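The values are calculated or read from the model by the stated rules, or taken from the named source; none is laboratory data. All values derive from a computational prediction rather than experimental measurement. Glycine gets a Cβ as well: all are built from the backbone with ideal geometry, and neighbour counts include every protein chain shown.
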Amino acid sequence: MAELRRTDFAPFVELCDAPAGMSAHIVYEAIDAGGPGSSSPAVVQETIRGDIGFDGLLFSDDICMKALSGPLGARVMSVLDAGCDLALHCDGDFDDMAAIAETCPPMRPESLVRLNSAAERMDDSDDFDADDAKRRISAFLEG
């Protein structure tokens, strides 16, 4: 776990104040060997929200990816139950979208707060300084 913090998680700690982020379906054996990170409360709540300190709007990785199994509704519930705010569905199949919409619960109050906060913060995107971002990325990569 110490190595994950020092290597894999370091960029996410640096960017933990971003308005939104996305989980990954990576299996982090040191955290939860039982399945993909997006559907793991240990990864989402303890690591992303806790250790990394991210409190922005959290999307799951695409629920149609083969890393997850079962019906789409169950996949949605697994990532929401793990602590993701939104489940990403990317294949564009309308019948799948309709089935998912029927099974999805209303957005949790804390997720709605994060959604509104992210939307407000993204409205300020005109203030983005690309040159400053490049300098910060270079400085981070140089260590």
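Search the range 54-107 for residues being more than 18 Å from F12 (Cβ to Cβ) and in contact with a Pro (Cβ under 7 Å, 6 or more places away or on another chain), and hand back the single one that is surrounded by the fewest Cβ atoms within 10 Å (Cβ to Cβ).
Applying the filter and picking the extreme gives A67.
Have a look at G34, G50, G73, G92 and point out the one that is touching a residue at least 24 places away in the same chain (Cβ under 8 Å) and small (G, A, S). Spell out the reasoning first.
Details: G34 fails: touching a residue at least 24 places away in the same chain (Cβ under 8 Å); G50 fails: touching a residue at least 24 places away in the same chain (Cβ under 8 Å); G92 fails: touching a residue at least 24 places away in the same chain (Cβ under 8 Å).
None of the other options fit; the residue is G73.
Please specify each residue of the range 41-100 satisfying the condition of being basic (K, R) and in a helix (DSSP H, G or I).
Within the range 41-100, R49, R75 meet the criteria.
Quick check on my filter: what residues within the range 1-40 are in a loop (DSSP other than H, G, I, E, B), more than 14 Å from the chain's Cα centre (by Cα) and surrounded by fewer than 15 Cβ atoms within 10 Å (Cβ to Cβ)?
Across the range 1-40, the qualifying residues are M1, T7, D8, A33, G34.
With the condition kept exactly as written, say whether any residue in the range 118-137 is of a type in the set (S, T, N, Q) and either part of a loop (DSSP other than H, G, I, E, B) or modelled with pLDDT of 85 or more (or both).
Among the residues of the range 118-137, not one is of a type in the set (S, T, N, Q) and either part of a loop (DSSP other than H, G, I, E, B) or modelled with pLDDT of 85 or more (or both), which makes the answer no.
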